[in-house]
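Remarks on the structure that follows.
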Amino acid sequence: MRAGDHALLLLVAPPAFVQTAMPARSAQYLSIEQAQRALFADADRFEPVPVALSESDRDSIEKIAGTRTLLPVDRIWRATRRCSVT
């Protein structure tokens, strides 16, 4: 093989040598507690309030949200802040 043949070999090399840029994604999800603190920073207590939605309610929510709800009972949280009476 001559010296110039190496350059020719690289030009006709299989595409395995070619790197392509792959898109990357990253997501950081909050725990329930972190989300509560982020949304209601002044609250000092969160208590779950179970709510059973009707099939009609669930269909309406899914249509507006553009996603399906997975649980038959939706957890709603009541955020409260201690009030001081003087």
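The values are calculated or read from the model by the stated rules, or taken from the named source; none is laboratory data. Since the structure is predicted, the reported quantities are computational estimates derived from the model, not experimental observations. Backbone-built Cβ (ideal geometry, glycine too); neighbour counts: all protein chains shown.
General remarks:
- For the stretch 31-42, the set of residues classified as more than 21 Å from LEU70 (Cα to Cα), within 24 Å of the chain's Cα centre (by Cα) and not basic (Lys, Arg) consists of GLN34, ALA38, LEU39, PHE40, ALA41, listed by residue number.
- Pick from the stretch 25-35, criterion modelled with pLDDT under 90 and exposed (fewer than 10 other Cβ atoms within 10 Å of the Cβ), ranking: nearest to TRP77 (Cα to Cα): TYR29
- Extreme residue, surrounded by the fewest Cβ atoms within 10 Å (Cβ to Cβ), among residues of the stretch 41-68 that are farther than 22 Å from ARG81 by Cβ and of a type in the set (Asp, Glu): GLU55
- Residues (modelled with pLDDT under 85 and closer than 22 Å to SER31 by Cβ) located in the stretch 41-64: PRO50, VAL51
- Test for ALA38: is it modelled with pLDDT of 80 or more, loosely packed, with under 10 Cβ neighbours inside 10 Å and not β-branched (Val, Ile, Thr): yes
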